[in-house]
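**Student:** Here's a structure for you.
Please treat every number below as a calculation from the coordinates, not as lab data. Quick caveat, the model's predicted, so the values are computed rather than measured. All Cβ positions, even for glycine, are placed from backbone atoms using ideal geometry, and neighbour counts span all protein chains on display.
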Amino acid sequence: MTVSLSLNSVSAHYGNARVLENLSLEVAPGELVSLLGSSGCGKTTTLRLVAGFLKPSSGTIKLGERDLSHLPAHQRDIGIVFQSYALFPHLKVVDNVGFGLRQRGMGAAERQRRAMTMLERVGLTDFAERYPSALSGGQRQRVALARALVIDPGLLMFDEPLSNLDAKLRLDMRVEIRRLQRANGTTALFVTHDQEEAFSISDRVAVMNAGRIEQVDTPETLYTRPGNAFVARFVGYENMIFMRVVSRDGANVVAEIEGGARLGLSQELFGAIPDAFVLAARSEGLAVAVDGDGIPATLGLRTYLGRAYQYRCETPVGELVANGQLVAPLPPGAKAVLVPMPEQCCILAPEAR
């Protein structure tokens with residue numbers, strides 16, 4: 001039966017160091033949610049708390065209606081795929097896959113049948129009698145995935161499962177994990193520091209920072225409408241430009257940046273614009289122009305990206321990163337203006353200054 005996962009006001013600390021602070025998260029039945037963040041943000045601690053490897057200082061963890069908060073790990077009905085695969089080197093592939101079934105008291109014949117069925121689903125039937133040492137990294141990860149799925153867990157968890165694979169295998173395994181998780185309808189929690197990986201595999205992504213969840217949303221919403229400056233920076237908005245509105249005319253506003261330069265912005269394109277705000281822009285969200293209205297800039301280092309040239313620019317608000325056209329590249333030191341492109345920008349509340 002597919003069940004939900006619920007973390008309610010969960011806190012955890014190591015000694016005097018608080019690692020999680022009142023973290024709450026709901027994962028719907030059959031949903032795959034990724035915990036995304038840099039090292040030390042608390043994502044792996046969250047996974048270990050759910051798995052039962054650590055105990056929370058406060059709060060509750062539920063899988064469906066079952067309170068897991070103080071259950072031992074082996075009673076939690078959870079399958080885990082680890083970064084290091086964690087296969088038993090002395091067991092053949094088929095026995096590795098069937099290990100959890102054996103722990104649950106299943107007879108040898110049925111255990112063998114279930115393990116072989118799962119190996120067929122991950123494309124490893126021909127490897128059933130081999131030992132892990134005779135497998136490639138991608139094959140070992142498929143065995144680990146089969147072992148986690150074969151017990152039909154209420155929750156499937158992944159702890160940085162693709163970090164040890166090369167780029168091509170990572171792409172292939174993303175697709176495989178998503179395909180199998182959807183086919184089984186298993187509720188899943190996926191831990192990663194890789195934004196592209198999280199976005200490609202998840203129904204929703206929780207961006208974590210210093211033991212808290214900054215924003216939980218679909219990949220599309222996080223990418224186009226981050227909720228604050230931290231999330232915006234994390235998903236690739238390199239430029240944060242503080243501005244104040246100096247006049248309004250219907251849906252059109254004129255905003256001023258430090259140094260006095262003014263820009264006209266349309267609320268029909270940018271959404272509601274408060275009196276003070278941060279204009280967050282990716283490099284492709286600031287177009288380089290030789291004249292017109294925009295942020296005055298002196299062009300610095302130029303980098304060829306294939307689709308465009310990227311310039312590091314000195315401006316009245318500090319260094320900004322902007323993209324210019326491939327035709328007629330401008331030399332370092334050239335004067336230009338940076339023009340915001342609404343589809344690659346968003347409006348955020350000002351940070352503490």
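**Student:** Take every Cα pair under 8 Å in the range 237-348 that's 6+ residues apart, average their separations, divide by the length, and report that relative contact order as a whole percent.
**Tutor:** It rounds to 30 percent for the range 237-348.
**Student:** Under 30 Å between C-alpha atoms is the cut-off here; go through the chain and count lysine pairs that meet it, provided they're at least eight residues apart or on different chains.
**Tutor:** So the count works out to 4.
**Student:** Picking from 215, 264, 51, whose Cα lies most toward the positive end of the charge dipole for the chain (charges on Cβ: Lys, Arg +1; Asp, Glu -1)?
**Tutor:** It is 51.
**Student:** Follow-up question, since we're still on this one. I'd like the Karplus ³J(HN,Hα) series for the range 311-325: coefficients 6.51, -1.76, 1.60, θ = phi - 60°, whole numbers in Hz, and an x wherever there's a Gly or Pro.
**Tutor:** Result, ordered by residue: 10, 8, 10, 8, 9, x, 9, x, 6, 10, 10, 9, 9, x, 5 Hz.
**Student:** How would 190, 127, 82 line up from fewest to most surrounding beta-carbon atoms within 10 angstrom?
**Tutor:** 82, 127, 190
**Student:** Continuing with this model, one more query. How much net charge surrounds residue 207 when only other residues with a Cβ under 11 Å from its Cβ are counted (Lys, Arg +1; Asp, Glu -1)?
**Tutor:** +2
**Student:** Among DSSP bridges having both ends in the chain, what percentage is antiparallel? Round to the nearest 5.
**Tutor:** 75
**Student:** Testing the spin-label approximation: label points 7 Å from Cα along Cα→Cβ at residue 298 and residue 172. State their distance in nm.
**Tutor:** For the pair residue 298/residue 172, the computed spacing is 5.2 nm.
**Student:** Which ³J(HN,Hα) values, rounded to whole Hz and listed in residue order, are derived for the range 59-65 from phi using the Karplus coefficients 6.51, -1.76 and 1.60 in 6.51 cos²θ - 1.76 cosθ + 1.60 with θ = phi - 60°, glycine and proline given as x?
**Tutor:** Here the 3J(HN,Hα) series is x, 10, 10, 10, 10, x, 9 Hz.
**Student:** Can you list the residues, at least 5 places off or on another chain, whose amide H is less than 5 Å from the amide H of residue 155, using H built in the peptide plane?
**Tutor:** Placed amide hydrogens put 79 under 5 Å from residue 155.
**Student:** Mind pulling the angle between the C-alpha long axis of helix 167-184 and the longest principal axis of the chain? Nearest 10 degrees, somewhere in 0 to 90.
**Tutor:** 60
**Student:** Now for a different question. With each pseudo-label sitting 7 Å past Cα toward Cβ, what's the residue 26-residue 57 distance in nm, one decimal?
**Tutor:** 2.7
**Student:** Then there's this: Using +1 on the beta carbon of Lys and Arg, -1 on that of Asp and Glu, and nothing else charged, what's the dipole of the range 237-348 about the Cα centre, debye to 20?
**Tutor:** Result for the range 237-348 is approximately 260 debye, rounded to the nearest 20.
**Student:** Round to the nearest 10 and give me the degree value, 0 to 90, for the angle of helix 108-121's Cα axis relative to the longest principal axis of the chain.
**Tutor:** 30
**Student:** Could you tell me which residue out of 329, 298, 340 lies farthest along the dipole of the range 279-353 toward its positive end? Charges go on the beta carbon: Lys and Arg +1, Asp and Glu -1, centred on the Cα centre.
**Tutor:** Working it through, the farthest residue towards the positive pole turns out to be 329.
**Student:** Just to check I understand the Karplus step: with θ = phi - 60° and J = 6.51 cos²θ - 1.76 cosθ + 1.60, what whole-Hz values come out for the range 35-46, glycine and proline as x?
**Tutor:** These are the phi-based 3J(HN,Hα) values: 9, 10, x, 7, 4, x, 7, x, 5, 5, 4, 4 Hz.
**Student:** Under 5 Å between amide hydrogens, which residues at least 5 positions from residue 190 or on another chain qualify, with H placed 1.01 Å from N in the peptide plane?
**Tutor:** HN-HN under 5 Å from residue 190: 33, 34, 35, 158.
**Student:** Tell me whether the range 157-217 comes out rounded, prolate or oblate; compute the Cα gyration tensor, take square roots of the eigenvalues as a ≥ b ≥ c, and use a/c under 1.5 as the rounded threshold.
**Tutor:** Note, shape of the range 157-217 comes out oblate.
**Student:** Right, another one. Treating only the Cβ of Lys, Arg, Asp and Glu as charged (+1, +1, -1, -1), what charge dipole size does the chain show about its Cα centre? Round to the nearest 20 debye.
**Tutor:** 1260
**Student:** Something else now. Over the chain, what portion of Cα pair distances is larger than 34 Å, expressed as a whole percent?
**Tutor:** Result: 41 percent of Cα pairs exceed 34 Å.
**Student:** Looking at 106, 79, 15, which one has the Cα that reaches farthest to the positive end of the dipole of the chain (charges on Cβ: Lys, Arg +1; Asp, Glu -1)?
**Tutor:** Among 106, 79, 15, the one farthest towards the positive end of the dipole of the chain is 106.
**Student:** Arranged by the count of other C-beta atoms within 10 angstrom, fewest first, what order do 197, 319, 220 take?
**Tutor:** By the 10 Å Cβ count, ascending: 220, 319, 197.
**Student:** To continue, here is another question. Report the net charge of residues surrounding residue 259, where surrounding means a beta-carbon distance below 13 angstrom and charges are Lys +1, Arg +1, Asp -1, Glu -1.
**Tutor:** Within the 13 Å Cβ shell, the charges total -1.
**Student:** Additional query: Report, for the range 194-335, the % of DSSP beta bridges that are antiparallel, rounded to 5.
**Tutor:** Percentage antiparallel, nearest 5: 95.
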